[in-house]
Structures are given as structure tokens and as C-alpha cells.
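Read the structure below first, then the notes.
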Amino acid sequence: MTFTENAANEIIKIMRRDALDPANTAVRMGVKGGGCSGFTYTLDFEEHRTKRDLLYESHGLSIVVDKKSNLYIGETEVDWSYNLTDRGLKFNNPQAKGSCGCKTSFMIDIPDNSERPSWI
């Protein structure tokens, strides 16, 4: 899980605007069922993490992902687009087999022979 420098800088600006301390606040990324393609990315700010969370660091930004969501988005790179028509976060998830026009909904093709981790 990584953020590009541009994405990290923009998220840190948002944190500061909302009076959150980037040194003590993480971005919580996750996945929930729904959206046009089956799964939707979730993002929030959080100061605490649980034993079921994984912690990533990227360009001065702490990123927290629960272990189940990590199965779907663990290799994702989050970028920031400055284009007028689609300004905001962009998700580059190599595990996604498709997405819809909103670019926040995706589908994954999980092979039947994949082993489930013991903590699921």
C-alpha cells in the first residue's frame, strides 16, 4: 500500500485543514461490498488501530488497512489527479480486474485454488 508524493501531500493538506495532526493521524483504507463493480474503496482518518490492522508508511503519511481489506488492496498505489474533469484520488490496484467509470468501484477475480490465510 503506497501513496504517491502528490497524493500524500494533498491528504496531509486536508488533514491540516480539518485540524488533524498528520503525526498522530492515519488514513484508514478499506474495502466494502457494493458499488458498480462489486467492491468500493473506503477512506477515513483515524488515530487508533487494532491488532487486526496493518500499518504502512508512504511519503510521511501513515496508512492503516485491516487484514481482510489488505487481501484486495494491499498492492494498491494511490495517486492524485489534478485534471479538471477527474480531480482527486486515483487508485492503481494491480489486483483489480475491472472498474467502472467512477473509478472508486472495482472487481477482483480470485482463483478457486487460492488458500485463505488462517486469520480469516
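Side notes on the structure shown:
- On inspection, Leu84 qualifies as of a type outside the set (D, E, K, R), at pLDDT below 95 and part of a loop (DSSP other than H, G, I, E, B).
- Candidate set from the stretch 62-81 (those that are over 12 Å from the mean Cα position of the chain (by Cα) and under 21 Å from Ile11 (Cβ atoms)); member that is modelled with the lowest pLDDT: Ser81
- Scope the stretch 3-51; condition modelled with pLDDT of 95 or more, β-branched (Val, Ile, Thr) and assigned to a strand (DSSP E or B); matching residues: Val27
The values are calculated or read from the model by the stated rules, or taken from the named source; none is laboratory data. Since the model is a prediction, treat every value here as computed from it, not as a measurement. Virtual Cβ from ideal backbone geometry, glycine too; neighbours counted across all protein chains shown.
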